[in-house]
Amino acid sequence: MLERLKALLGDRPDARGVAGGQTDRLQLATAALLVEAAEMDADFGAEERAKITELVERRFGLSAAESQTLLQAARDKVEQSVEVFGFTREIKNAFSAEERIEMMEMLWEVAYADGELHDLEASLMRRLAGLLHVSDRDSGLARKRVLARHGPED
């Protein structure tokens, strides 16, 4: 997995040809969006890192080591990228409507990982919902599910 992620970060042509290449690109895009959400308030803390690790382990069936590798690769990719469109396009094209709603729920989990929602995080959530073709209603319901699990709304 590490070699495939390195190939993806380097955009080497062989990354697209390896078995599982589509899955790895999708995992990287998913983790990158979660990192983007975590970094939006300029405070990427331990709670957010732990939440992202937990979410990608559960979503993709990764080991702790694999999820840490994916998280670092995602952070590197986000640092190199100037926009989230490529990540959202990858997810929009590969995920079903239900999976995109689950992705929004994962994003809300990260946004609330530190116990509060920053204005910039809320703005990013609206933008990502549109790019992922998730309705405001479905994104709002995903947010409410997260809040119900983790405490009161701020």
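The rows are residues; the columns are (1) modelled with pLDDT under 75; (2) among the β-branched types (Val, Ile, Thr); (3) buried (at least 18 other Cβ atoms within 10 Å of the Cβ).
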| residue | (1), (2), (3) |
| --- | --- |
| LEU2 | yes, no, no |
| LYS6 | yes, no, no |
| ARG25 | no, no, yes |
| THR53 | no, yes, yes |
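Tally up the residues in region 55-74 that are open to solvent by 60 Å² or more (accessible area, probe 1.4 Å) and either of a type in the set (A, V, I, L, M, F, W, C) or farther than 23 Å from ARG143 by Cβ (or both), please.
Number satisfying all stated conditions: 6.
Within region 108-154, take every residue that is among the hydroxyl-bearing types (Ser, Thr, Tyr) and part of a helix (DSSP H, G or I) and give me the one that is nearest to PHE95 (Cα to Cα).
Narrowing region 108-154 to residues among the hydroxyl-bearing types (Ser, Thr, Tyr): 112, 123, 135, 139.
Add one more test, that the residue is part of a helix (DSSP H, G or I), and what stays is 123, 139.
Numbers: SER123: 23, SER139: 15 Å.
Across region 108-154, the extreme among qualifying residues is SER139.
Starting from residues that are farther than 11 Å from LEU26 by Cα and aliphatic (A, V, I, L, M), keep the ones in region 75-95 and report whichever is most open to solvent (accessible area, probe 1.4 Å).
Checked region 75-95; the qualifying residue most open to solvent (accessible area, probe 1.4 Å) is VAL82.
Select, from HIS133, HIS118, the only residue that is over 13 Å from ALA29 (Cβ atoms), open to solvent by 20 Å² or more (accessible area, probe 1.4 Å), modelled with pLDDT under 95 and out of contact with any Cys (no Cβ under 8 Å at 6 or more places or on another chain).
HIS118
The values are calculated or read from the model by the stated rules, or taken from the named source; none is laboratory data. Computed from a predicted structure; not experimentally measured. In this analysis, Cβ positions are derived from the backbone assuming ideal geometry, glycine residues included, and neighbour counts consider all displayed protein chains. The accessibility values were calculated without ligands, DNA or RNA, using every heavy atom of the protein model including side chains. Shrake-Rupley method; radii C 1.70, N 1.55, O 1.52, S 1.80 Å.
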